[in-house]
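Data first, discussion second: the structure below is written as structure tokens.
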Amino acid sequence: MRDLLLSAVPPVLGWFRAHRRDLPWRHGRTPYTVLVAELMLQQTRVEAVRERYAEFLLRFPTAEALARASEEEVLKAWEGLGYYSRARNLHAAAKRIAAEGFPSDYAGVRALPGVGDYTAGAVCSIALGLPVPAVDGNVVRVLSRLFADGRVQDAELKREYAALLEEVYPPETGDFAEALMELGATVCLPGGAPLCGQCPWKGLCRAEREGNASSYPVRPEKRERKKVLLNVYVLRFGEEYALRRRGEGLLAGLWEFPNYPAPRDFGETLNTLEAKHVFTHVEWHMTGRLVAARERFPEFVWADSASIAARYAVPSAFKAFLPWIRV
Ligand code: SF4
């Protein structure tokens, strides 16, 4: 495996230099901007990040600027990207960086809030020039096909691939890390769709030679997502709508429309809508009701639609109901 991987390094580097996508976070990099991009890209599509990254950096161009912002401002700037714990972690990381400077080694980067093995590898190899592999699902897919490796894709396999990559890391650490990610994102696509004809590893890749690339990687059995039924209330009183802040757990600290496992009576129902939102381990099946509230219930915060849009970070799980407050 090591020799095969070693011979695969030059072609993928050459291919990357000729074909890399022009992405906003590949310009004017600093360690801080690399960290921002990597945290945004966790579990989020490149296209969604492409729209939001420049906006976020205009607002918070340095770790110091981000460290000075309030949590409310940071969550608002993150709105729509989902997985808000990343925004909180980035905020906490910026405070540490503003106070102590950007870490200069793997241990320091890995110790930043919200930074796991993959993100630490990406930041170290792209921003600091350190030969630390960044192995995510994309990289596992690409390597498992290169090796025609029929083992189940699990944490152990990731660790083994990381150790193998470490042995063959070229001096161009950032390009190599990004080349593997790019290959997985644009050519060695998941499922039955790898574009082997455009791949720098065509002829080298064992799965391609065997003609069964789509059999790799071998996935572990899926756990069923937990289904949660919720009654969501968009309560209107005059020009204002009710919001409340979520406590601990999923989407903690964000603003939401009041919601409950069982229906409640807040007034006259004007409209209803079924919606579903899928998180990593949970699915919300929501029945939304637009209600003319019979009073300005004091347990909620009330705001008009303009201030909700400007100041309150409402997670995209509730986006199906937002048109009710913007008419
Ligand atoms: S040759 Fe095909 S299967 Fe192999 S790495 Fe390239 S795109 Fe993936």
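Read-outs throughout are calculated quantities, based only on the coordinates presented, and are distinct from any laboratory measurement. Bear in mind the structure is a predicted one, so any value in this text is a computation, not a measurement. A quick note on method: Cβ atoms are made from the backbone with ideal geometry, for glycine too, and the neighbour counts reach across all protein chains shown.
Computed from the C-beta positions of R68 and S305, the FRET efficiency with R₀ = 22 Å rounds to 0.15. Per residue of the chain, the DSSP helices (runs of n ≥ 4 H) give a summed -39500 (n - 2.57) that works out to -13000 deg cm²/dmol at 222 nm. Grouping the Cα pair distances of the chain into 10 Å bins from zero gives a pair-distance distribution of 5, 22, 26, 22, 15, 7, 2, 0 percent in increasing distance order.
Each of A92, A213, G114 was scored by the projection of its Cα onto the charge dipole of segment 2-215, and the greatest displacement toward the positive side belongs to A213; charges sit on the C-beta of Lys, Arg, Asp and Glu. Charge dipole of segment 2-215 (Cα centre as origin; +1 on each Lys and Arg Cβ, -1 on each Asp and Glu Cβ, all else neutral): 280 debye, rounded to the nearest 20. Compared with the dominant Cα axis of the chain, that is its longest principal axis, helix 31-41 is turned about 70°.
Summary of packing: across the peptides 36-43, 266-273, the per-residue average of other C-beta atoms within 10 Å ranks them, highest first, as 36-43, 266-273.
Once both labels are positioned 7 Å from their Cα atoms along Cα-to-Cβ, the gap between R159 and R245 label points is 4.0 nm. For the chain, the longest principal axis of the Cα atoms and the long axis of helix 2-19 meet at an angle of about 60 degrees.
Using the average count of surrounding beta-carbon atoms within 10 Å as a protection proxy, the listed peptides 172-182, 195-205, 311-321 rank, highest first, as 172-182, 311-321, 195-205.
With K and R counted +1 and D and E -1, the other residues having a Cβ less than 13 Å from that of A292 yield a net charge of -1.
Can you tell me the alpha carbon radius of gyration of segment 44-116 divided by the globular rule-of-thumb value 2.2 N^0.38 Å?
1.10
For segment 159-190, the residues whose backbone nitrogen is under 13 Å from a point 7 Å from the Cα of H19, taken along Cα to Cβ, are 179-189.
Of the residues A77, A63, A275, the one that moves most in a GNM of the chain with alpha-carbon contacts below 10 Å is A275.
Angle of helix 137-147 to the longest C-alpha principal axis of the chain, folded into 0 to 90 degrees and rounded to 10: 30°.
If R0 equals 41 Å, the separation of the Cβ atoms of R296 and A48 corresponds to a calculated FRET efficiency of about 0.70.
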